Structure formats: structure tokens, C-alpha cells
1. Determine ³J(HN,Hα), in whole Hz, for all residues of region 16-30 in sequence, where each value follows from phi through the Karplus function 6.51 cos²θ - 1.76 cosθ + 1.60 and θ = phi - 60°; x replaces Gly and Pro.
2. Kyte-Doolittle cut-off 1.6, length cut-off 20 Å along the helix's own axis using Cα: show which whole DSSP H helices in the chain pass.
3. Given only helices, namely DSSP H runs of n ≥ 4 each adding -39500 (n - 2.57), what is the per-residue ellipticity at 222 nm of the chain, to the nearest 500 deg cm²/dmol?
4. Determine the share of the chain's accessible area contributed by carbon and sulfur atoms, expressed in whole percent, with a 1.4 angstrom probe.
5. Relative contact order of the chain, please, whole-number percent, based on alpha carbon pairs below 8 angstrom and at least 6 residues apart.
6. Calculate the tail of P(r) for region 1-76: the fraction of all Cα-Cα distances greater than 14 Å, expressed in %.
7. With +1 on each Lys and Arg Cβ and -1 on each Asp and Glu Cβ, and nothing else charged, work out how big the dipole of region 141-184 is about its Cα centre, in Debye to the nearest 20.
8. Over the residues of region 137-202, compute the C-alpha Rg and express it relative to 2.2 N^0.38 Å.
Amino acid sequence: MLIERPPRIFRSLFPGATFRLDTPHKQVMLTFDDGPIPEATPEILGILRQYGVKATFFLVGDNVRKYPHLLQKIVADGHSIGNHTMHHLQGLRTPLEKYMADVESADTFIGSPLFRPPHGLLTSAQLKRLGERHKIVMYDLVTRDYSRRLNSEDVYRNVVRLTRPGSIIVFHDSLRSIEKLRTALPRCLEWLRREGYECITL
């Protein structure tokens, strides 16, 4: 539960960051971290297209550099994009200037004001500097689709159990997650539709 939904004490460490949409309505924000990659992104886009849903993709700059056509497909389908650093750096293990340089390098390929830190971790200095130029988007629900200990049913159950109005939901555009998402993502989208949720982007 502490992983799937970050506790208040964790959220308090990131003043100014968005963990949840400010809405009383049944609206959620679907997000996908770590792409784009040819082994996963096209399938995810196809599922989202099938259900008429828009999402936000937090992209690793080096992946965009290698696969610019996938960025073009994401944008052409009407999805939003955000910066996820150039090399998927973990903030607590990276000096401030090196981290900022990596984010700025990714900006040259992604060009978005939205930012999500890999692993959801930043130092206070990184948070302050990033907040000067970016809107920092965290999460209210982590599906854990990346976990080798979970199967597609577990991912689906996490979404059903923890989604609430305003939830920012994290899936992953990655090799670890795609096998589960082939089954879990359509089921999640169908459940959200049945429950009257609207998927929106920033």
C-alpha cells in the first residue's frame, strides 16, 4: 500500500508537486513512464486508440533520441508528453548540477514543461531548481506493472482498489510491463469507463 499509494508524509517532502488532480469529479490522469521503445509503445498506443483515451507519456530523452518516430506517433495520437530525464537518473544518487544538466539535455528532445522524476525521488535542491521551469507531476497510484512479483490480475486489482477522483495513475512503457499491460490495460480502461471515470491530461 505504501508503494501503490504514497503516504502523506512522502507527499509532504515535495511541496508544489502535483500528486493528484484538483477535481471533485470522476476524472483521472493516466501516465506512462520510461518510453518510448519499439517493443512496447506501439502496442500501448494501439490500446489507448481503441478506447479513445488520452494519456501523458513521461519520456526518457535518450529513448526519444533513438526512436524519434515513436515520439511523433505519441504526439500525433493527441497524447501529452513530459520529461523523465535524459538517462533515467535517480535524484538521490546524482549531484544537483549533473541532474539538472541531464534534465536540460532531455528538454532538447522532449520540450515539455511537465516533469516526473524517475523513481519519484528528488533532493530538496533538485526540487527547487526544477520547480522554476517545470510543473512536477508525481502520482496518486502506482500500478506496479513493472514488478516481477505481480501478474496482470494484480495490476488490474491495484487500479480497481485504489483509483479515486483525481488519481494520477502510473503505468510503464517498458519491457518489464508490456506483457502484463496487454491484458491489464484494456481491463483497466473498461473498468474506468463502467465506473464513469473520464481520462484527462494536463
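1. Working through the residues one at a time gives x, 7, 9, 9, 8, 5, 8, 8, x, 8, 7, 10, 9, 10, 8 Hz.
2. none
3. Values: 8 runs with 84 residues, N = 202.
It lands at -12500 deg cm²/dmol.
4. Working: 4900 of 9500 Å².
Carbon with sulfur: 52 percent of the solvent-accessible area.
5. Value for the chain: 33 percent.
6. Details: 2000 of 2850 pairs.
I get 70 percent for the Cα pairs in region 1-76 exceeding 14 Å.
7. On the way: 9 positive and 5 negative charges, 30 e Å.
For this selection, approximately 140 debye.
8. Numbers: Rg = 11.3 Å, N = 66, 2.2 N^0.38 = 10.8 Å.
Expressed relative to 2.2 N^0.38 Å, the Cα Rg reads 1.05.
The values are calculated or read from the model by the stated rules, or taken from the named source; none is laboratory data. This is a predicted model, so every value here is computed, not measured. No Cβ is skipped: glycine too gets one built from the backbone with ideal geometry, and neighbour counts run over all protein chains shown. Accessible surface is based on the protein model in full, side chains and every heavy atom, while ligands, DNA and RNA are left aside. Shrake-Rupley method; radii C 1.70, N 1.55, O 1.52, S 1.80 Å.
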